[in-house]
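**Q** If you scroll down you'll find the structure; I have some questions about it.
The values are calculated or read from the model by the stated rules, or taken from the named source; none is laboratory data. Since this is a predicted model, take the numbers as computed values, not measurements. A quick note on method: Cβ atoms are made from the backbone with ideal geometry, for glycine too, and the neighbour counts reach across all protein chains shown. Side chains included, ligands, DNA and RNA excluded: accessible areas come from the protein's heavy atoms. Shrake-Rupley method; radii C 1.70, N 1.55, O 1.52, S 1.80 Å.
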Amino acid sequence: MLLAKALDVRYGQFRAVREVSLEMKQGETIALIGANGAGKSTLLRAIAGALPIHSGALLFKQDDITHAPSCDRVKQGLSLVPEGRRLFTDMTIEENLLLGQTIHRPGEWDLERVFETFPNLVKRRYAKAGSLSGGEQQATAIGRSLMSNPELLILDEVSLGLSPLVVDQVYASIEKLRDTGTTIILVEQALDRAISFAKRAVCMLEGRIVLDKLTVDTDRHEITQAYFGLQ
Ligand code: ATP
């Protein structure tokens, strides 16, 4: 479904992502891990089209999208839930969700299905997004992406700043998406949670992928070694 070949992403002269190659099949789940500054968000933003790719190639469902604008990527079924949620705080939950449909791939997601997936949002549907709890905001941000009918959903630090109980709720929802076949790339700082969620663990260090393994074939020690560059 997704094929990245030797991707380089730069901020000026600085190579934040270096020759990253990654292949992902439909229905797979990847936990993208790595220390602060390893290049995870930069890679995800480049895949979503929010940052330009300096060199290399990116294919989605066999189409070359290396230089495609992000709206075209959304129409093809690629959607990013950015770190920090980026909701319109003066708009209601429902309005934020509907914005996710402005550019979309044809499919089955609509308001009703989002509210079924995140039942806590129903009673708050007309509340301003700025008045929501962190968990409700995160659910709204994920729901907004789902409204575009993604085939590949990219989740950047969905549990950041949430209480453990709320993190459990958010994960219960994204596990449902995983179990119904949505292809997911997830950035998560909590290693144990990342490993138990995803089929594959991909670890970045200083802009490069230093480990790419099925989670059943690896253990916490090996991942920690890769994380800190101790191999
Ligand atoms: P975090 O978990 O802290 O978000 P990350 O793995 O997602 O880390 P990135 O945010 O992708 O890492 O950052 C990769 C590198 O690029 C870091 O060295 C960072 O300082 C640098 N960087 C990120 N954004 C910019 C920017 N807008 N301009 C210049 N350098 C940047």
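**Q** For the chain, find the longest principal axis of its Cα atoms and tell me its angle to the long axis of helix 134-146, 0 to 90°, nearest 10.
**A** So the helix axis and the longest Cα principal axis differ by about 80 degrees.
**Q** Charges at C-beta only: +1 for Lys and Arg, -1 for Asp and Glu. How large is the resulting dipole of segment 127-190 about its Cα centre, in Debye rounded to 20?
**A** Working: 4 positive and 8 negative charges, 48 e Å.
For segment 127-190, the charge dipole is close to 240 debye.
**Q** Summarise the accessible area of segment 80-231 (1.4 Å probe, protein heavy atoms) by the percent that is carbon and sulfur.
**A** Carbon and sulfur atoms account for 52 percent of the accessible area of segment 80-231.
**Q** Quick one: compute the contact order of segment 1-122, relative version, from alpha carbon pairs under 8 angstrom and 6+ residues apart, as a percent.
**A** Working: 144 pairs, mean separation 26.6, N = 122.
RCO, segment 1-122: 22 percent.
**Q** Now, a different point. How high is the relative contact order of segment 133-199, given as a whole-number percent (alpha carbon pairs under 8 Å, six or more residues apart)?
**A** 39
**Q** Just name one of V9, A139, Q169: the one whose Cα is farthest towards the positive end of the charge dipole of the chain (beta-carbon charges, Lys/Arg +1, Asp/Glu -1).
**A** V9
**Q** Report the gain in length on full extension from M91 to K61: 0.36 nm times residue separation, minus Cα-Cα distance, nm rounded to one decimal. Show your work: numbers first, answer last.
**A** On the way: separation 30, 0.36 × 30 = 10.80 nm, distance 3.42 nm.
Extra length from M91 to K61 when fully extended: 7.4 nm.
**Q** Stretch E108-K25 to full length: gain in nm at 0.36 nm per residue minus the Cα-Cα span? Before the final figure, lay out the partial values.
**A** Details: separation 83, 0.36 × 83 = 29.88 nm, distance 2.13 nm.
Roughly 27.7 nm would be gained on extension.
**Q** Students sometimes get this wrong: rank R85, R10 by accessible area, probe 1.4 Å, all chains present, largest first. It would help to have the intermediate numbers written out before the result.
**A** On the way: R85 35, R10 80 Å².
If we order R85, R10 from most to least accessible, we get R10, R85.
**Q** Out of all DSSP beta bridges in the chain, what portion is antiparallel? Express it as a percent rounded to 5. Each step should come with its number before you reach the end.
**A** Working: 21 of 38 bridges.
Close to 55 percent.
**Q** Can you give me the Cα centroid spacing of segment 182-231 and segment 74-107 in angstrom?
**A** 28
**Q** Sticking with this structure for a sec: Kirkwood-based Rg over Rh for the chain (C-alpha set), two decimals? Show your work: numbers first, answer last.
**A** Values: Rg = 17.1 Å, Rh = 17.9 Å.
Expressed as Rg/Rh, it is 0.96.
**Q** Please go through segment 68-126 and write out the chymotrypsin sites (Phe, Trp or Tyr not before Pro) that DSSP classes as loop and that have at most 14 other C-beta atoms within 10 Å. Don't skip to the answer; put the middle values down first.
**A** Details: sites: F88, W109, F115, Y126; in loops: F88, W109, Y126.
Here the sparse-neighbourhood loop sites are F88, Y126.
**Q** Write down the accessible area per residue of segment 34-134 in Å², having rolled a 1.4 Å probe over the full set of protein chains.
**A** Numbers: 5210 Å² over 101 residues.
The answer is 52 Å² per residue.
**Q** Continuing with the same structure: Suppose only helical runs count, i.e. DSSP H with n ≥ 4. What mean residue ellipticity at 222 nm does that imply for the chain under -39500 (n - 2.57) per run, divided by all residues and rounded to the nearest 500 deg cm²/dmol?
**A** Values: 8 runs with 74 residues, N = 231.
Here the helix-only value at 222 nm equals -9000 deg cm²/dmol.
**Q** Determine how large the accessible area of D217 is when every protein chain is in place; take a 1.4 Å probe and give Å² rounded to the nearest 10.
**A** 100
**Q** For segment 118-134 and segment 1-59, what is the centre-to-centre distance using only Cα atoms, to the nearest Å?
**A** Here the two parts' Cα centres lie 32 Å apart.
**Q** Let me ask something else about it. Which value, in debye to the nearest 20, gives the size of the charge dipole of the chain about its Cα centre, when Lys and Arg are +1 and Asp and Glu are -1 at the Cβ? Intermediate results must be reported in sequence, preceding the final value.
**A** On the way: 27 positive and 29 negative charges, 67 e Å.
With only Lys, Arg, Asp and Glu charged at Cβ, the dipole is about 320 debye.
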